Amino acid sequence: MGFLSGRVSFVRFKVKGRAPKMFGPEHLERLAAHAIGKERIASGDGTEAGWIAGDHILDTHFDLPKNIVNDTLQFALRLDSQKVPADLLRAYTQVELEGLAAGNPSGLPSARQKREARAAARERLEKEAADGRFLKRRAYPVLWDSQTNELLVATTAMTALDRLHALFQHTFGHGFERIGAGGRAFLLAELREQTRGVDDAAPANFVTGGATGEVAWIADEASRDFLGNEFLLWLWYVLEMESDSLELADKSEVSVMLARNLVLECPRGQDGRQSISSDAPSRLPEARRAIQAGKLPRKAGLTLVRHDRQYDVTLQAETLGVSSAKLPNPEGEEERARLEERVTLIRHLVETLDLLYDAFCHHRTGAGWSKELRKIRQWLQIGDRR
């Protein structure tokens, strides 16, 4: 099942309404009632949506031990769509056209014959599609955590998320909303009574003399999702100029390393995106030149160690979405214990990322941000002095 084995990828959403006290048979019954194939209601583009239990793409058998683990409900969205090969449609059309035009004195098909050929080709393909040979099935794992009332969803595709939202609301009577970098900053600032700092935040100018207030990939500046890009640049600065270990709000420590991959982009949209792959990408000269020219991180590979647990993740800046996260191996002799430990590790990873982001937000929304920003500008000008 998606979140219970292998690497995990997810974006986070907050479910509206009260969190379930506990998941039980009624939740499984609702999933089963809206399992794939039960309603046979397709969207305008012919895509059918429904739930699966997660063992495999055809699994619609929901049960307590499999789908409810450590106060989480685990399931998956399946989308079925007919993908008729375009080259086969053209081939059938040509075959029909040759037959219809064979008796024409000119040897060329008429406009009417072309229409008839296309119609006949489509009818032939529709008959062939009835047995499912052109059916494309895609599954997207979902984890609903009753402790936080959050959904972890293993896709960022908007078409899949739109169908997930509609089906989830139809099944459980609740909607959900995405929590990006700006929304997460606001929630964390509420705990410190610093929400004014998030409300007033505007894109920072890290390069002396550079333009301010421009982040090309942020469609709505009011979202404050640009804070995610600033977080990764701030983290880069802290790791190079101060320490590779940070004390977090709960008094624990996290060791951090930028590793494996780094994606940078000009916030003004004037230069192209730059992708760097290396064991230590932030140490490469081209990475340094990119941020000195005003580019911001869009995505970064991180190695995190907290409470003696190591996580290797790729973090997307604006959404704080996680991709290809490698978790520690669960301990425990029994399979059930390992599954429950796996959920605990996912929660621990999410908590670690939140605390690390909160360390940045504490600076970003506090009175000392101007001083911190000057230090980052100096670092960009003179380079690494550690």
Q) Just for strands (runs of 3 or more DSSP E) wholly inside segment 281-337: which have at least 3 residues that are open to solvent by 30 Å² or more (accessible area, probe 1.4 Å)? A) 309-316, 322-326
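Would you check which residues across segment 307-327 are under 24 Å from LEU151 (Cβ atoms) and more than 21 Å from the chain's Cα centre (by Cα) and list them? Let's see the steps before the verdict.
Step one: list which residues in segment 307-327 are under 24 Å from LEU151 (Cβ atoms), which gives 309, 311-327.
Residue satisfying the conditions is ARG309 alone.
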Q) Residues in segment 258-268: is at least one under 28 Å from LEU73 (Cα atoms), under 20 Å from the mean Cα position of the chain (by Cα), open to solvent by less than 30 Å² (accessible area, probe 1.4 Å) and of a type outside the set (Phe, Trp, Tyr)? A) no
Q.
I want to confirm something. Restricting to segment 76-116 and keeping residues that are in a loop (DSSP other than H, G, I, E, B) and in contact (Cβ under 8 Å) with a residue 24 or more places away in the chain, which single residue is most open to solvent (accessible area, probe 1.4 Å)?
A. LYS83
Q) So which residues in segment 354-383 are within 21 Å of the chain's Cα centre (by Cα) and either open to solvent by 20 Å² or more (accessible area, probe 1.4 Å) or at pLDDT below 95 (or both), if there are any at all? A) ASP354, LEU355, ASP358
Q: Could you please give the count of residues in segment 338-353 that are among the hydroxyl-bearing types (Ser, Thr, Tyr) and surrounded by fewer than 17 Cβ atoms within 10 Å (Cβ to Cβ)?
A: 1
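Specify the residue that is nearest to PRO141 (Cα to Cα); the eligible residues are those in segment 18-40 that are touching a residue at least 40 places away in the same chain (Cβ under 8 Å) and open to solvent by 60 Å² or more (accessible area, probe 1.4 Å).
Taking segment 18-40 first, the residues touching a residue at least 40 places away in the same chain (Cβ under 8 Å) are 18-24, 27-28, 30-31, 33-34, 36.
Going one step further and asking which of them are open to solvent by 60 Å² or more (accessible area, probe 1.4 Å), we end up with 18, 21-22, 30.
On the way: ARG18: 22, LYS21: 22, MET22: 20, ARG30: 17 Å.
The selected residue is ARG30.
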Q | Scope segment 145-168; condition more than 13 Å from TRP51 (Cα to Cα) and of a type outside the set (Val, Ile, Thr); matching residues | A | ASP145, SER146, GLN147, ASN149, GLU150, LEU151, LEU152, ALA154, ALA157, MET158, LEU161, ASP162
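Based on what the data block shows, is ARG273 surrounded by fewer than 18 Cβ atoms within 10 Å (Cβ to Cβ), basic (Lys, Arg), under 23 Å from the mean Cα position of the chain (by Cα) and under 16 Å from ALA317 (Cα atoms)? Quick ask: steps written out before the conclusion?
Values: surrounded by fewer than 18 Cβ atoms within 10 Å (Cβ to Cβ): yes; basic (Lys, Arg): yes; under 23 Å from the mean Cα position of the chain (by Cα): yes; under 16 Å from ALA317 (Cα atoms): yes.
When the stated conditions are applied, ARG273 passes them.
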Q. When the residues of segment 218-229 are filtered to those that are crowded, with 24+ Cβ neighbours inside 10 Å and touching a Lys or Arg at 6+ places or on another chain (Cβ under 9 Å), which remaining residue is farthest from VAL256 (Cα to Cα)?
A. LEU227
Q: Inspect segment 66-75 for any residue being within 29 Å of ARG338 (Cβ to Cβ) and either open to solvent by 40 Å² or more (accessible area, probe 1.4 Å) or part of a loop (DSSP other than H, G, I, E, B) (or both) and give the result as yes or no.
A: yes
Q: Check ALA249 against each of (1) surrounded by 16 or more Cβ atoms within 10 Å (Cβ to Cβ); (2) under 23 Å from GLY180 (Cβ atoms); (3) touching a helix residue (DSSP H, G or I) at 6+ places or on another chain (Cβ under 9 Å) and name the one condition it does not meet.
A: (1)
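The values are calculated or read from the model by the stated rules, or taken from the named source; none is laboratory data. Note that this is a predicted model, so its numbers are computed, not measured. Every residue, glycine among them, receives a Cβ derived from its backbone with ideal geometry; neighbour counts consider all protein chains shown. Protein only, heavy atoms only, side chains kept; ligands, DNA and RNA dropped before computing areas. Shrake-Rupley method; radii C 1.70, N 1.55, O 1.52, S 1.80 Å.
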